[in-house]
Amino acid sequence: MEDDKASLIEEENDNKQSCIMLINKQLKLTKLWQDEALNLLNSVVKDLNLLVEDDAIVALLKLCEWRRAVKQGFQVYSYICDSKKIKSFDVRLGNALLSMFVRLGKLNDAWYVFGRMEERDLFSWNVLIGGYAKAGFFDEALILYHKMLWAGVRPDEYTFPCVLRTCGGMQDLARGREVHVHVIRYGFESNIDVINALITMYVKCGEIVSARLVFDRMSQRDRISWNAMISGCVENGECYEGLRLFLMMREVGVIPDLMTMTCVVSGCDGVDDGRLGREVHGYVITSGLSVEVAVCNSLIQMYIGTGNWVEAERIFANMPCKDVVTWTSMISGYESNGFPDKAIESFKVMESEGIVPDEITIASAISACASLSLLDMGMKLHDLAVRTGYISYIIVSNTLIDMYSKCKCIDTALEVFHQIKDKNIISWTSIISGLRQNNRSFEALFFFRQMKLSLNPNSVTLISALSACGRIGALMCGKEIHAYALRTMLPFDGYVPNSILDMYVRCGRMELAWNQFNGWGKDIAAWNIMLTGFADRKLGVLAVEFFHKMLASNVNPDEITFIALLCACSRTGMVAEGLEYFDSMETKYYVSQNLKHYACIVDLLGRAGDLEDAYAFIQNIPLEPDPAIWGALLNACRIHQNAKLGELAAKKIFEVDEHSIGYYVLLCNLYAGCDKWNELARVRKTMKERGLIVDPGCSWIEVKGKVHAFLSDDESHPEIKEVHAVLKSFYERMEAAGIDKAETLSENASKAEVFCGHSERLAIGFGLINSAPGTPIWVTKNLYMCKSCHNIVKFISKVVRREICVRDTEHFHHFRNGVCSCSDEDYKETLYISHTSYALVLPKLAVNNNLFAQIDGYKPVRKRPLNKKELTRKEDVVTVYDNALTVHEPKLKVAVTAYVEKHEFCFDAVLDEHVTNDEVYRISWYS
């Protein structure tokens, strides 16, 4: 019996040894036999119930680590935990498990094993520190390093490179310097691998000077040392220094490799030297590295950066193998250099060749779609980003916000924005800018305030927010942003000063704009903004004077300058002056004429009533007229009620552009002014069939630093009942005064006013309730102001004795004592008066015996020749300034004294009839 038992035990041991020997043997064979080794382990455990020695287990763990076999690795780990029933691991087995779990990316399991180890050697610490550092857990890696030091374990040449790379990844210079001290303390300052890691750490932290000191003190340098220093210089913008190091490297006999040449080519891109880049390209060819994909990618980026598209496309076409970086370089290059159509085409070819895009590729393609307004393609890329998981990359989400905003799908952009978990400054700036572009400036300012709770805006954010303030007349909010820019020193940054200037101009505060203009360096954009402000207020004479002052300041005009100047001449009726400036653009100022300038001339002639001349001018334009040119003629036909020519202009517009709603509105207003209601109904039907919807009338008013918005027929405002009560009282007073009762949209509104919305009435009523008597009221409106609203506001300004300013899509209307600064030009009134309430006015003129006298008994002189439209009128055209008055007489002299007494104006003096025009034009600018 005992012999049989002993025989069985001996047989079992033999089987055990045989299985273990077989496992060890198969571990050394091919991949197929290694699979058999893992299967045999299962058989040993399950069927024979035998214990496997540690040598075999360690070999199996190394096998799983080498093959990245996660499932099999956990099988071995389960066997260790179940069969051996151990509560701790010895150093050898623990290190094998640590190494496997770190390689498989299972850091939680690695940490668990690390905690269960009886003892830990230097290898244990190095493996776990390296695992955390490679996975991006830099803080945890450094904590482990310091724990290792506290445990009395001395770091070696493998520890320091890992820890230094961690400091570089965190860009934590202070900790990096601390580790540098440890390197010296433990005697590794001459170890080339450690010193190379030290150089890399410094350049990653942007400390190029310290990196160069370490490099210069090296007793010996290998290729990695040179590469680290060269790449560090290039990455930190010291491209010339990087190129000099490359020449030094060649002089000492170190042969450049792939990494070296990639950095050198990038350095040539950084210095923007095409000739040097071609020389480096030649060296790449002679060194045999021109077939390397990484080098070709760098060459493509270099040639794109220097604008040599021919060479970039040649390299791209000749590459035998292209990776995703290659395609991304071309796509992003096309997109950022103004070739979005080629970017989209390249993306489609890349997809057809089976190359999977990365997040940069998708973001570049989406940006190209935004430039081309390709909504369908952009939505497909959005779906691709969701499927591939790249939607989680913030660069992709930010470009999607921009794309949807530019494609007029702002609600979808908002959805993408709200799905971003960690929004950065670009995310907020993109949505603020998108809301502003889609005429939702009120919401843009709300998001701006929300952003400031967690992030500090940059200059681009401030520009977008200031633009939103200007759009809705939010002066106090704009002043707050101006103050913030002053506190953070951002008013000096880029376009911020001009954005502040533009905000004040759009809000109608020309005195503040003038202070801003004089307070900062004046570039051409600042002069253009001021010129545009004068044009919007029909201050043509001031615009002309300002233009000549710009020339005297040695500032050369550009295309935008002449657009503003021609608009000022057009809106002031200065036809001769406008034509003279247009003719002298190329010959005198060397500025090329474009379609926008031609449109200004059509507007100039059309507003003056010279419709036939305007039409003849269009026919003689050397370029193909665009919708804007025909739109200027259509608007002139609306003003002068020429339906036949207006229909021709509309036909030309709709042949090219069927979706711009503004032209339909102009045509409807033309038909309404000509009492052609059937034609108006036909246009409205066409608009409905094409899905064109006019934006609802919306007006904004800022009261006590808070902006209030009023929509047409919107009863949601908490004080809407009080506002209606105030307006009703004015309607009753108008009726009692014998003035035609004003109509509202709810009360048989005139067909001519269907596009107005009358929202400015609500805003003005709210302003009257919530502001002190005598306080000026400033309202901004998104649509054109109709005749009915215009008459009502004139009446209100006279009754309440307040200044009221309404800025619609075309004009600044300044109402005072029942008179509007627009001269009632588009409202067919009898008296044409233009006066301003700005600080930019004619100064008091000293009384001179030859030039001035008391107002009684003197006749005014003409300030400018009258245009054709004015000549056809019998009324006197009067321009009123603070303390100055000019009458543009048609044929008869007028009694200035009677006029002044009737309108309750008071002047110190007026010009007499001996004054020349040059003396009248002379303006004294206040400081």
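Residue count for the range 409-419, restricted to those that are part of a helix (DSSP H, G or I) and in contact (Cβ under 8 Å) with a residue 12 or more places away in the chain: 6. The set of residues in the range 616-657 being farther than 25 Å from residue 536 by Cβ and either hydrophobic (A, V, I, L, M, F, W, C) or modelled with pLDDT of 95 or more (or both) consists of 616, 621, 623, 643, 645, 648, 650, 654, 656.
If I filter the range 203-216 for residues that are over 43 Å from the mean Cα position of the chain (by Cα), closer than 26 Å to residue 270 by Cα and either open to solvent by less than 20 Å² (accessible area, probe 1.4 Å) or free of Cβ contacts under 8 Å to residues at least 40 places away in the same chain (or both), do I get at least one hit? Let's see the steps before the verdict.
Start the filter on the range 203-216 by keeping residues that are over 43 Å from the mean Cα position of the chain (by Cα), which leaves 216.
Next cut, closer than 26 Å to residue 270 by Cα only: 216.
The next check asks that each one be either open to solvent by less than 20 Å² (accessible area, probe 1.4 Å) or free of Cβ contacts under 8 Å to residues at least 40 places away in the same chain (or both); those that pass are 216.
Yes - at least one qualifying residue is present in the range 203-216.
Checking each residue in the range 541-554 for being assigned to a helix (DSSP H, G or I), surrounded by fewer than 23 Cβ atoms within 10 Å (Cβ to Cβ) and of a type in the set (Gly, Ala, Ser) picks out only 552.
Yes/no per residue for (1) out of contact with any helix residue (DSSP H, G or I) (no Cβ under 9 Å at 6 or more places or on another chain); (2) buried (at least 19 other Cβ atoms within 10 Å of the Cβ); (3) assigned to a helix (DSSP H, G or I):
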| position | (1), (2), (3) |
| --- | --- |
| 178 | no, no, yes |
| 189 | no, no, no |
| 224 | no, no, yes |
| 229 | no, yes, yes |
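Matching residues to (1) under 11 Å from the mean Cα position of the chain (by Cα); (2) free of Cβ contacts under 8 Å to residues at least 60 places away in the same chain; (3) closer than 23 Å to residue 700 by Cα:
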{"site": "396", "(1), (2), (3)": "no, yes, no"}
{"site": "402", "(1), (2), (3)": "yes, yes, no"}
{"site": "407", "(1), (2), (3)": "no, yes, no"}
{"site": "421", "(1), (2), (3)": "no, yes, no"}
{"site": "427", "(1), (2), (3)": "yes, yes, no"}
{"site": "430", "(1), (2), (3)": "yes, yes, no"}
{"site": "443", "(1), (2), (3)": "no, yes, yes"}
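Of the helices (runs of 4 or more DSSP H) that lie entirely inside the range 63-175, those containing 3 or more residues that are among the β-branched types (Val, Ile, Thr), open to solvent by less than 60 Å² (accessible area, probe 1.4 Å) and modelled with pLDDT under 90 span 70-83. Suppose we filter the range 599-623 for residues that are in a loop (DSSP other than H, G, I, E, B) and open to solvent by less than 10 Å² (accessible area, probe 1.4 Å); how many remain? Result for the range 599-623: 1. Answer yes if at least one residue in the range 345-368 is without any contact (Cβ under 8 Å) to a residue 24 or more places away in the chain, of a type in the set (Gly, Ala, Ser), open to solvent by less than 60 Å² (accessible area, probe 1.4 Å) and in a helix (DSSP H, G or I), and no otherwise. Scanning the range 345-368 turns up at least one residue that is without any contact (Cβ under 8 Å) to a residue 24 or more places away in the chain, of a type in the set (Gly, Ala, Ser), open to solvent by less than 60 Å² (accessible area, probe 1.4 Å) and in a helix (DSSP H, G or I).
Here residue 802 clears all of (1) out of contact with any helix residue (DSSP H, G or I) (no Cβ under 6 Å at 6 or more places or on another chain); (2) in contact (Cβ under 8 Å) with a residue 24 or more places away in the chain; (3) farther than 19 Å from residue 507 by Cα except the condition numbered (3). In the set (1) modelled with pLDDT under 75; (2) part of a loop (DSSP other than H, G, I, E, B); (3) under 24 Å from residue 681 (Cα atoms), residue 752 fails one condition alone, (2).
Scanning for something exposed (fewer than 12 other Cβ atoms within 10 Å of the Cβ) and part of a helix (DSSP H, G or I), does the range 700-718 turn up at least one residue?
The answer is no, given that none of the residues of the range 700-718 is exposed (fewer than 12 other Cβ atoms within 10 Å of the Cβ) and part of a helix (DSSP H, G or I).
Determine whether residue 817 is of a type in the set (S, T, N, Q) and within 16 Å of residue 730 (Cβ to Cβ).
Details: of a type in the set (S, T, N, Q): yes; within 16 Å of residue 730 (Cβ to Cβ): yes.
When the stated conditions are applied, residue 817 passes them.
The values are calculated or read from the model by the stated rules, or taken from the named source; none is laboratory data. Just so we're clear, the structure is a prediction, and the values are computed from it rather than from any experiment. Glycine also receives a Cβ, built like all others from the backbone with ideal geometry; neighbour counts cover every protein chain displayed. Only protein heavy atoms, including side chains, enter the accessible area calculation; ligands, DNA and RNA are left aside. Shrake-Rupley method; radii C 1.70, N 1.55, O 1.52, S 1.80 Å.
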